[in-house]
Amino acid sequence: MAEGSPTSLLHLSITRWIADNFHLCEGCTIPRWLLYEMYLENFSSSDNDKVNSATFGKLIRLVFPGLGTRRLGTRGSARYHYDGIAIKKDSSFYGHYCFLLSQKNYRRQCSPGKSVSAWQPSTPVGTGADACSSGDAAGYESNSKKKGTDLHCFPSVTYLKTEEDRLAYVLPEFGLACPWEQELLNKYPYEMVIQVANEYSSHCQDILEVVKMQELDKVEDCITSFWKSLQPEKIAFISLPDICQLFKYYDRYLFKELDNILLGDFLEEVSVHYLKSIRMFSKNVKLWLLNALEELPMPLQTSKCKEVTVFIKRLRRKTDLSNMAKTMRIVLNNNSKVTVLISDLNAVIDQGLLDVPGNLFQKKYGNPDELQYNIEIKCLNDLLSSLAHSTDIRVLLSCISSNLQAFVIQPSRNKQEFIKLAADFQLRWNFLLSTVSKAMTLNYADSFGSWHLFNLLLLDYVAHIFQSYIEEEEEGEESFCVTQQSDQPVLWVYEPSYFGGYFAEEEPQAEAPQSTLISLMLNQSDIRLSNVYSEF
């Protein structure tokens, strides 16, 4: 490398920053992830002005030759630390360091399966403190709480639009906190369970890190390097049903966080380029995983494929909805188009062009049982009322979701009852919207194009609400309710025909026998709805 080159100058500035803010301190440790996070916050002005974690580790050892690392932390959530260095108390980053350390410790203890009251600051190694002392970190957190800082456990995160947003997002700590933790430790060698859990949790953390920095193409390297590096005896161990279940627990949490990072809020305004990158990622991630697992036991392949398929379908639903919402905003931002749309909708209703009695739209429902059979009418009626006062797409969709929550989700006492209510509503909702479309077509309505866009959004939004509810309900169960060989008829909660061609792809053979879309099972006495959207 030439002297004075941009890369050498960058490395020089990094080593100076390390030397200015950190010093040798026997018995002290600094979490490796935290030091790298601080570097990214202060040096990552652009993608070309940063080094990866491996290069950063080499630069640290240039400043502190012979620096060692050790794995510290509570059982199942241990992380690598630099052993023998500490941050200088006169460093301008000292306060921020203590804040990050206390916040991260708090979040780690708030992982699934652990209560907030179990939080304790990390203890120092030897006689020194853990970089900034545990007392300093705890004190900083205490002061933050007094000032009103709210340290939530794993906050809901939306699309990280800027570099600042990505750096501000705190990645979760994975730990062995699954409901059957003790059973695994009693059933299998303790060291093997802990080692496998730690290695896989670190692997999940690496994936989150590269996605957080929007380096989606690097996910393939993370997946391949982990699975190809496993020894035969470890492969045999993780292929056991209990360990597959443990990995499934991690995968669900991993994919939930990936979903939050990539597109936590599909109504957030995002660029077309970004949506395309997410769609491409959703196509590639499963292929990357299948290629990495191709020589591994089939039970492991099947378990992994089920979880990644659920994630992909959810991500595609949200990108579809985001794209439709983006298009619909163009209509809603045009006052004249909104006025014509409202006028045409009122016309087809008032003139009796629908195969629905017109007075149902004006009727006040006092009897809950009567309302239960006309929820779709109420939803459309409320939507028209909201559209007359607001063109905010969030307000309009919130009108739909609040009705679904009140009349479908909350009245359901169990999953099977929800399935029946949701299937019944979805049939009548889709029929009502198709009837409106037919009436507007026959009436040569000027706003048919605007209504068609709105119709697509409303259909898929309701399907997404139901699908998401099922996924949330089943998150704590042993397995998702996936499509199985069954004599029961099936209602596809989400299978949008409008984008089917765009996303059509062959499913690899390693996948489950049928598509792993969440499905609603109906009793034989129910109406067959094997293809709800076929008429559109």
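The values are calculated or read from the model by the stated rules, or taken from the named source; none is laboratory data. Bear in mind the structure is a predicted one, so any value in this text is a computation, not a measurement. We place every Cβ from the backbone using ideal geometry, glycine too, and count neighbours over all the protein chains shown.
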In segment 392-410, is there at least one residue being touching a residue at least 24 places away in the same chain (Cβ under 8 Å) and under 22 Å from residue 352 (Cα atoms)? no
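Results for (1) in a helix (DSSP H, G or I); (2) modelled with pLDDT of 80 or more; (3) among the hydrophobic types (A, V, I, L, M, F, W, C); (4) surrounded by 15 or more Cβ atoms within 10 Å (Cβ to Cβ), shown as yes or no for each residue.
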position: 356; (1), (2), (3), (4): no, no, yes, yes
position: 365; (1), (2), (3), (4): no, no, no, yes
position: 370; (1), (2), (3), (4): yes, no, no, no
position: 379; (1), (2), (3), (4): yes, yes, yes, yes
position: 388; (1), (2), (3), (4): yes, yes, yes, no
Hits in segment 430-478 - residues which are polar (S, T, N, Q) and either farther than 19 Å from residue 347 by Cβ or outside any helix (DSSP H, G or I) (or both): 430, 443, 447, 467, 468
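Here's the yes/no breakdown for (1) under 16 Å from residue 210 (Cα atoms); (2) in the same structural domain as residue 224 (by TED's automatic domain parsing); (3) modelled with pLDDT under 90; (4) basic (Lys, Arg):
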| site | (1), (2), (3), (4) |
| --- | --- |
| 260 | yes, yes, yes, no |
| 264 | no, yes, yes, no |
| 267 | no, yes, yes, no |
| 276 | no, yes, no, yes |
| 286 | no, yes, no, yes |
Strands (runs of 3 or more DSSP E) lying entirely in segment 1-120 (those with 1 or more residues that are modelled with pLDDT of 85 or more): 22-31, 79-87
Residue within segment 453-470 that is at pLDDT below 90 and surrounded by fewer than 17 Cβ atoms within 10 Å (Cβ to Cβ) present: yes
Give the number of residues within segment 411-443 that are without any contact (Cβ under 8 Å) to a residue 12 or more places away in the chain and closer than 23 Å to residue 332 by Cβ. 1
Please tell me if residue 204 is closer than 27 Å to residue 33 by Cα, without any contact (Cβ under 8 Å) to a residue 40 or more places away in the chain and either not acidic (Asp, Glu) or not in a helix (DSSP H, G or I) (or both). no
So residue 241 clears everything in (1) closer than 26 Å to residue 329 by Cβ; (2) in contact (Cβ under 8 Å) with a residue 12 or more places away in the chain except one condition, right? Which one? (1)
Mind checking which residues of segment 230-279 are in a loop (DSSP other than H, G, I, E, B) and under 27 Å from residue 295 (Cα atoms)? 230, 231, 239, 240
